[in-house]
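Visitor: Before we start, here is the structure in question, set down as structure tokens.
The values are calculated or read from the model by the stated rules, or taken from the named source; none is laboratory data. What you see is a predicted model, and the numbers here were worked out from it, not measured in a lab. Using ideal geometry, Cβ is built from the backbone for each residue, glycine included, and neighbour counts are taken over all protein chains shown. We work out accessible area using only protein heavy atoms, side chains counted, and drop any ligands, DNA or RNA first. Shrake-Rupley method; radii C 1.70, N 1.55, O 1.52, S 1.80 Å.
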Amino acid sequence: MPLNDLFSPLTIRGCTIRNRIFTTGHQTNLVSDGLPNDALKAYLSDRARGGAGLVIVEIAAIHETAQFNNFTILGYRDECIPGYRQLANAVHEQDCRIFGQLFHPGREVLGMNPDGTRRVTYAPSPEPHERYLHMPRAMPLGLIEEIVEGYGDTASRMKAAGLDGVEVVGSHGYLPAQFLNPRTNRRSDRYGGTEENRLRFLSDVAKGIRRKVGDEMVVGLRISGDDMNQIGLTPEESLPAIQQLSDNGLFDYFNVTAGASSTASASFHIVPSMSFDTGYLASFSAQVKSLVERPVFVAGRINQPQIADRMVAAKEADMCGMTRAMISDPEMPNKAREGRLDDIRACIGCNQACIGHIQLDAHISCIQRPETGRELGIGNIMPAPRRKRVIVVGGGPAGMKAAVVAAKRGHEVSLYERTKRLGGQVLLAQMLPGREEFGGLVTNLERELQLNQIAVHRSVEVTPDLLIREKPDTVILATGAVPHRPTLEGEEHMVDAWQVLRGEAELGGNVVVSDWRGDWVGLGVAEMLARNGHHVRLTTTCRAPGEFLQFYIRDRWAGVLHSLGVEIIPYARLFGFDDEAAYCMQTALNEPIVLDDTDSVVLCLGHTPDTNLEEALRENEYPFEVEVIGDCLAPRTAEEAILDGLVVSQSI
Ligand SMILES: Cc1cc2nc3c(=O)[nH]c(=O)nc-3n(C[C@H](O)[C@H](O)[C@H](O)COP(=O)(O)OP(=O)(O)OC[C@H]3O[C@@H](n4cnc5c(N)ncnc54)[C@H](O)[C@@H]3O)c2cc1C
Ligand SMILES: Cc1cc2nc3c(=O)[nH]c(=O)nc-3n(C[C@H](O)[C@H](O)[C@H](O)COP(=O)(O)O)c2cc1C
Ligand code: SF4
């Protein structure tokens, strides 16, 4: 079915956008010294070449008090202009439009100073920040005036660089939203108190920008309609504000979203994970559309073009932000336009390597597509100098990715999997509650195997004899891992997470789930058992369960476990179990923790590499090269497994 609505053009203030797909402003951490660079240019060019109608460049600080983290573009310095000009030229070459984000975080500052000290933060009023732990200073009037100027000056720098538009970031509880919100704005001067006064900051900002950029440039506003917590903006507050700003002609479009950084429950909506329905903000953007004449943009889990097309056709939105959809597949718009919907590598909402990396101060990527963020290096796949015969052993994520990249480079590739199904541990991962979509990773990789015409042999266990018969030049071992079962007292009465997920374990009413890695497995198994009626105590050696998960995933899961009555015992290392109690050691004090009335213990203690084939091959000299990747090299996550697949196949 052609997606006609999605691929119809839209004109805003004389700027024609070729289709309704845009990538929202999103930090990449690719910039260097606060300036746009070649890495960011390559990243954005890929999205433009892939068919997006519009790319919105990530946040730029409009004032020296506006730095969000150490990778924020310093839009308040003239030195940013040449870098922006390069971005604009590269994106325009692809017939795509480019806007830039104008940003001040107010009290919502994520990072520390580069020297490790805390920043002084400024906000309308000194209201503490629950998640980032800042007590901001109230902005004096003089600073507010400087900041208003800063928005306009930064916009004019973007204009000088050739950008088509600018967008004020008033979403997610950042400075403009802090002024709008009566719970963060307790001022008694002309910027606080009445609705009109609280809206004054945004109005001044919009007027200031227009004064500086003239009539031709598009000026939009990003705003959260609902912060989704008790202290943030509500629709009752944001909708009249949007209407007023529209009636006054101050913005050319409204880009609506949800959530804020201020509390955990609000933060999940900034980058909604697979726990949220796809396109779940459609009804809110439709509400905004019914109030304003101007175009309405929306983003939030629109991960497939069919969803976006439906939204545009139903007049729920004029433009659909599909940011992670293009982090995981920059060619998504072109594939959609050409009707190749099955070839799209849909984003699975895992949040691991996109926003997860940003929060770790690492550069953006995607677990399914490690080429993202590495466009200038390993992400650029070129033909191999010599065609080789390659055998990949193991049909988990590592093996599948290695096979695809090797085939793309022109090698003759066969993939062997000893079970009936491809996917490896991902087949277990998708069985955890609420994690079904994680299995999309396998669907996507299987499609890539097909598209690259790779010979796949299922239900075949690879042995050294098989390899000798097949005469490969290169063997890539991607044989994965098995549950780690350390020596523990009463170990024979314990079961592991894999047995539970496969339905092979009989468990009593009171279960202790013992976690070591602080990842998905302990949390997921605890949730599953609690939902099945067990009383669950979750012990973890970490400071908190899910310590190593992306914040939004971790924090939401903590809430789910709390509501299911799961008891959490941190800093606890399991050492034994008898028929009455499980025994742990408090890791800081080395004192015992006795968990009485325990019927069963489930081990979520990570994995041990499956090195059987590797060891067999090391016993003799074989006439082929051997590479080891993924969990059989070192048990980590699907992200490293897939990255290993890319790296190794780029090297052969
Ligand atoms: C319950 C659970 C939840 C998880 N959740 C996540 C998550 O949310 N995010 C994340 O990033 N990671 C997650 N992981 C970890 C992730 O799944 C693994 O890190 C990843 O699958 C490792 O990929 P791999 O290809 O190296 O190995 P595997 O996935 O283990 O695949 C190895 C494959 O090789 C096959 N094989 C072995 N020996 C042979 C042989 N001799 N011949 C033929 N085939 C052979 C195996 O049958 C298997 O299919 C989870 C793991 C589990 C168990
Ligand atoms: C890696 C990453 C960085 C982000 N940084 C920004 C940002 O700089 N400015 C912004 O307004 N939103 C930012 N966001 C939120 C996105 O703009 C977008 O609203 C969110 O990803 C939901 O859209 P999606 O489901 O299409 O990905 C970021 C999101 C991601 C994934
Ligand atoms: S890392 Fe996960 S959430 Fe992020 S773009 Fe890739 S698939 Fe989507």
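Visitor: Probe of 1.4 angstrom, ligands and nucleic acids ignored: what's the accessible area per residue over segment 528-571, in square angstrom?
Guide: Accessible surface, normalised per residue, equals 48 Å².
Visitor: Sorting check: for 489-498, 12-21, 156-165, 610-619, which peptide has the highest mean count of neighbouring beta carbons within 10 Å, and how do the rest follow?
Guide: Averaged packing, sorted descending, gives the order 156-165, 12-21, 489-498, 610-619.
Visitor: Once you sort the root eigenvalues of the Cα gyration tensor of segment 491-605 as a ≥ b ≥ c, which label holds: rounded (a/c under 1.5), prolate (a/b larger than b/c) or oblate (the other case)?
Guide: oblate
Visitor: Given R₀ = 51 Å, FRET efficiency for E615-D342 by Cβ-Cβ distance, to 0.05?
Guide: 0.80
Visitor: Place a point 7 Å from Cα of T587 in the direction of its Cβ. Which residues in segment 506-521 have their backbone N less than 17 Å from it?
Guide: Those under the cut-off are 513-521.
Visitor: Further question: Is the shape of segment 1-113 rounded, prolate or oblate, going by the alpha carbon gyration tensor and its root eigenvalues a ≥ b ≥ c, with a/c under 1.5 for rounded and a/b larger than b/c for prolate?
Guide: prolate
Visitor: Please report, ordered by residue number, every helix of the chain (full DSSP H runs) that is 15 Å or longer along its axis going by C-alpha atoms and whose mean Kyte-Doolittle hydropathy reaches 0.5.
Guide: Long hydrophobic helices here: 397-408, 520-531, 638-651.
Visitor: Taking the Cα centre as origin and putting +1 on Lys and Arg beta-carbons and -1 on Asp and Glu beta-carbons, what dipole magnitude results for the chain, to the nearest 20 debye?
Guide: 2180 debye
Visitor: If you don't mind, there's one more thing I want to ask. Which of the listed residues, F22, V601, T539, is farthest toward the dipole's positive end in the chain, when Lys, Arg count +1 and Asp, Glu count -1 at the beta-carbon?
Guide: Checked the options; the winner is F22.
Visitor: Separate question: Where the Cα atoms of segment 487-550 are projected onto their three principal axes, how long is each span, largest first, in whole Å?
Guide: Per principal axis, max minus min of the Cα coordinates gives 31, 29, 20 Å.
Visitor: Continuing with the same structure: Give me the percent of the accessible area of segment 10-359 that comes from carbon and sulfur atoms, probe 1.4 Å, all protein chains in place.
Guide: Reported share for carbon and sulfur atoms: 46 percent.
Visitor: Note down the magnitude of the dipole of segment 502-623 about its Cα centre, charges +1 on Lys and Arg C-beta and -1 on Asp and Glu C-beta and zero elsewhere, to the nearest 20 debye.
Guide: Here segment 502-623 has a charge dipole of around 620 debye.
Visitor: What order, most packed first, do the peptides 81-88, 58-65, 373-380, 173-180 have when packing is the mean number of other Cβ atoms within 10 Å of each residue?
Guide: Taking the mean over residues of other Cβ atoms within 10 Å, the ranking is 173-180, 58-65, 81-88, 373-380.
Visitor: At 10 °C and 1.306 mPa s, grab the translational diffusion coefficient of segment 81-130 from Stokes-Einstein with a Kirkwood Rh over Cα pairs, rounded to a whole number in µm² per second.
Guide: 112 µm²/s
Visitor: Quick one: dipole size for segment 433-477, taken about the Cα centre, charges +1 on Lys/Arg Cβ and -1 on Asp/Glu Cβ, in debye to the nearest 20.
Guide: My answer is approximately 60 debye.
Visitor: Under 37 °C and 0.692 mPa s, how fast does the chain diffuse according to Stokes-Einstein, given a Kirkwood radius computed over C-alpha pairs? Answer in µm²/s, whole number.
Guide: D, rounded to a whole number, is 124 µm²/s.
Visitor: Per DSSP H run of n ≥ 4, the term is -39500 (n - 2.57); total these for the chain, divide by its residue number, and report the mean residue ellipticity at 222 nm rounded to 500 deg cm²/dmol.
Guide: Value at 222 nm, helices only, nearest 500: -9500 deg cm²/dmol.
Visitor: R0 = 45 Å: FRET efficiency of D579 with N380, Cβ-based, nearest 0.05?
Guide: It comes out at approximately 0.15.
Visitor: Show me the ranking of peptides 455-461, 566-572 by mean Cβ neighbours inside 10 Å, starting with the highest.
Guide: Going by the mean number of other Cβ atoms within 10 Å, highest first, we get 566-572, 455-461.
Visitor: Just the number please: accessible area per residue for segment 10-359, 1.4 Å probe, all protein chains included, in Å².
Guide: Per residue, segment 10-359 has 33 Å² of solvent-accessible surface.
Visitor: Of K159/K207; K159/K315; K388/K408; K335/K408, which sit over 20 Å apart, Cα to Cα?
Guide: The answer is K159/K315.
Visitor: Another question about this same structure. How would you classify segment 10-359 from its alpha-carbon gyration tensor, with a ≥ b ≥ c the square roots of the eigenvalues: rounded for a/c under 1.5, else prolate if a/b is greater than b/c, otherwise oblate?
Guide: rounded
Visitor: Turning to a different aspect of this structure: I want to make sure I understand the PRE zone here: with the label point 7 angstrom from the Cα of S32 toward its beta carbon, which residues in segment 373-407 have backbone N atoms less than 19 Å away?
Guide: Answer for this model: 373-380.
Visitor: Measure of size requested: the Rg and Dmax of segment 334-469, with Cα atoms as the atom set and Å as the unit; please supply both.
Guide: Every Cα atom of segment 334-469 included, Rg and Dmax give 16.2, 48 Å.
Visitor: Among the aspartates and glutamates, select those whose C-alpha is under 16 Å from the C-alpha of K471, and discard any that sit fewer than 8 residues away in the same chain.
Guide: Qualifying aspartates and glutamates at Cα under 16 Å: E412, E621, E625, E627.
Visitor: Give me the distance in nm between label points sitting 7 Å out from Cα along the Cα-to-Cβ direction at R211 and Q453, one decimal.
Guide: Going by the 7 Å Cα→Cβ label model, 6.5 nm.
Visitor: Something else about it: Cβ under 9 Å from G279's Cβ, G279 left aside: what net charge do those residues give with Lys, Arg +1 and Asp, Glu -1?
Guide: Summing Lys and Arg as +1 and Asp and Glu as -1 gives 0.
Visitor: Near T587, within a Cβ-to-Cβ distance under 14 Å, what is the net charge of the other residues, with Lys and Arg +1 and Asp and Glu -1?
Guide: -1
Visitor: Restrict the search to segment 261-331; then list the trypsin sites (Lys or Arg not before Pro) that DSSP places in a loop and that have at most 13 other Cβ atoms within 10 Å of their Cβ.
Guide: K315
Visitor: To continue, here is another question. Loop only per DSSP, at most 14 neighbouring Cβ atoms within 10 Å: give me the GluC sites (Glu not before Pro) in segment 309-339, ordered by residue number.
Guide: Hits after loop and neighbour filter: E338.
Visitor: Summing Lys, Arg as +1 and Asp, Glu as -1, what charge do residues with Cβ under 9 Å from the Cβ of A526 carry, A526 excluded?
Guide: -1
Visitor: What does a probe at D473 reach in segment 366-407, counting residues whose amide N is under 19 Å from the point 7 Å along Cα→Cβ?
Guide: 381-393, 402-407
Visitor: So what are the three principal axis dimensions of segment 384-464 from its Cα atoms, in whole Å, longest to shortest?
Guide: Taking max minus min along each principal axis of the Cα atoms, segment 384-464 gives 46, 26, 15 Å.
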